[in-house]
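Working notes, structure below.
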Amino acid sequence: MHIKNKVKYSFLLITILILMIFIANSIILYQINENEESKKNITKLILLQENMTSLTKDIIISQNEARLKQIETRFINYEKEFETLHYMLINDTQKDFIDYVLKDMHQEKSVLNQLNILATNEKQIETSFETLFQLQREKIKLNNEFIETYPLENRLRNKLEDFILEKKDFNLLKNFSDIKYYSKEVLFQKKSTQYLNKWLDKVDSLGVFLKNKDLESYKIVIKQLGENAINSKKLQLKQQSVQDKIYNSLKQNKNINEKIQNDIDLLSKEFLTTIRSFITFILFFTLAFIIYLSIKVNKNVALTVDEIEEKVQNGLKKIKKLNNEIEDTQKEVIFTMGAIGESRSKETGNHVKRVAEYSKLFALYYGLDKKEAEMLKMASPMHDIGKVAIPDAILNKPGRFDDNEREIMNTHAQLGYEMLKHSKRPLLKMAATISKEHHEKWDGSGYPNGLKEEEINIYGRITAIADVFDALGSDRCYKKAWDDERIFKLFKEEKGKHFDPKLVDIFFENLDEFLAIREKFKDTITTTSI
């Protein structure tokens, strides 16, 4: 083959190898998004079951049929939503291009098995709910009967008491006192057949000494009331037994959720390891091929030393460029992961850009070297990656959170740490620390661990003040942006409380530079003509 054709085809092969590297990196990005979507849907299944379980508690404390119907309607809606989402995950067989390279995580056998167990538990909860519904309906009926009958018992007992008091007979008074005691034990304390029989025996004993037409009526009423109270207690015990089964299912579901997350993390890790090995192999192969090509060209066309050096330098430049492109792609992967958490809460990509630039500036003025400051700039955008696991209903709520919602929202710091902590890469280890500690406060009042002062890693302290500065100055779904004076006032008030005092001083000493970054990366407002 002519040397020109050899060179032409050789560079074509190199181009193909470079393209393969870009494809591999694209697969990484795509699969990360797929995995996060699977995690989000599986977590939603768990939350739906927790909501269904919560309704079983409401069933037991409901006092009327109307309330029962409301709870039943909500339960059916949760049930339908669960079954729809589960069906979508199990039957998501439509393949895109990537699926021919790597199967979707939620279609892996180990994950499917756990999803099927979730579905089985959901059926058990559904059956238990129906049982509790019927038991509570019976309890309400018994309670209504009790409410109707008890005043009659009370009235007859008072009437008998007045009659006996008129007799002024000590034995009659003693027997009637026993009747009053057993009435309380049966109706409000023991609720047992044993005490009901003792109550009836005392009435019979009183009848031996007292002839009164109301006594027989009283006996009929207390028998009805006693059986009502005993049956109500039996229903309550049955409900408790059913609830215990539901709680066991819920406990199992939490273990399943954790196992699914671990399975997905393991599969993702194996996938990324394979892709990295593939890319490394292609890089070495490309380098070897370029060297081989240079030798062949030298032998066939007798290139001068300068020409050979030029060819080699060009080849090395391509390799350097390729390495830079790979590094840029990896940075883009990391930045995209950080942007995922922000975009789910309706925040712009410029937020993470600004936080990154602020963090680098803080780091340099704090005394960190340029390399560490640059790494912090790359890692800080991932501070809210844990938000991918927070339900949309909470994440994008246009108002204050209630206690339960705040508790769920606060878990994003620990969740982000759990996602990243297993990596051995210094950059991702730094990102894991930032995710976990950027909501800790200098005075120890932060979360998740209540660290204080220099117990908080400097990366977390820097990201905290950078994030708060940008968040306060930006519009969010639950608030309007603050003006600068209000922000500056807060920073002065929170010096030594929320923020590291030294960082607050750095902020005000170099305020113009921070404001310049904000202006450079400000959010653009798009208007649509009507």
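So which residues in the stretch 462-509 are in a loop (DSSP other than H, G, I, E, B) and either more than 26 Å from T433 (Cα to Cα) or touching a Cys at 6+ places or on another chain (Cβ under 7 Å) (or both), if there are any at all? Correct list: D475, C477, Y478, K480, A481, W482, D483. Set side by side, the residues R518, R461 differ, and just one is farther than 25 Å from G399 by Cα, touching a residue at least 60 places away in the same chain (Cβ under 8 Å), surrounded by 17 or more Cβ atoms within 10 Å (Cβ to Cβ) and of a type outside the set (A, V, I, L, M), which is R518. Considering the stretch 344-448, the qualifying helices (runs of 4 or more DSSP H), each wholly inside and each with 1 or more residues that are in contact with an Asp or Glu (Cβ under 7 Å, 6 or more places away or on another chain) and among the hydrophobic types (A, V, I, L, M, F, W, C), run over 349-366, 392-395. Go through the residues of the stretch 475-492 one by one and say whether even a single one is in contact with a Phe, Trp or Tyr (Cβ under 7 Å, 6 or more places away or on another chain) and of a type in the set (D, E). Among the residues of the stretch 475-492, not one is in contact with a Phe, Trp or Tyr (Cβ under 7 Å, 6 or more places away or on another chain) and of a type in the set (D, E), which makes the answer no. Do the conditions hold for E138, that is, is it charged (D, E, K, R) and without any contact (Cβ under 8 Å) to a residue 60 or more places away in the chain? The answer is no for E138. Could you figure out which of (1) among the charged types (D, E, K, R); (2) surrounded by 13 or more Cβ atoms within 10 Å (Cβ to Cβ); (3) at pLDDT 80 or above isn't true of E108? Exception for E108: condition (3). How about the stretch 403-417: which of its residues are of a type outside the set (V, I, T) and touching a residue at least 12 places away in the same chain (Cβ under 8 Å)? Correct list: M409, N410, H412, A413, Q414, L415, G416, Y417.
D204 meets all of the listed conditions (1) farther than 27 Å from I71 by Cβ; (2) in contact (Cβ under 8 Å) with a residue 24 or more places away in the chain; (3) of a type outside the set (V, I, T) but one, namely (2).
Pairs linking a residue in the stretch 360-372 that is outside the structural domain of R461 (by TED's automatic domain parsing) to a residue that is of a type in the set (A, V, I, L, M), with Cβ atoms under 9 Å and 6 or more positions apart or on different chains, do not occur. Within the stretch 149-164, is there a residue that is assigned to a helix (DSSP H, G or I) and over 19 Å from Y218 (Cα atoms)? Within the stretch 149-164, not a single residue is assigned to a helix (DSSP H, G or I) and over 19 Å from Y218 (Cα atoms).
The values are calculated or read from the model by the stated rules, or taken from the named source; none is laboratory data. Quick caveat, the model's predicted, so the values are computed rather than measured. As a convention, Cβ positions derive from the backbone with ideal geometry for all residues, glycine included, and neighbour counts pool all protein chains shown.
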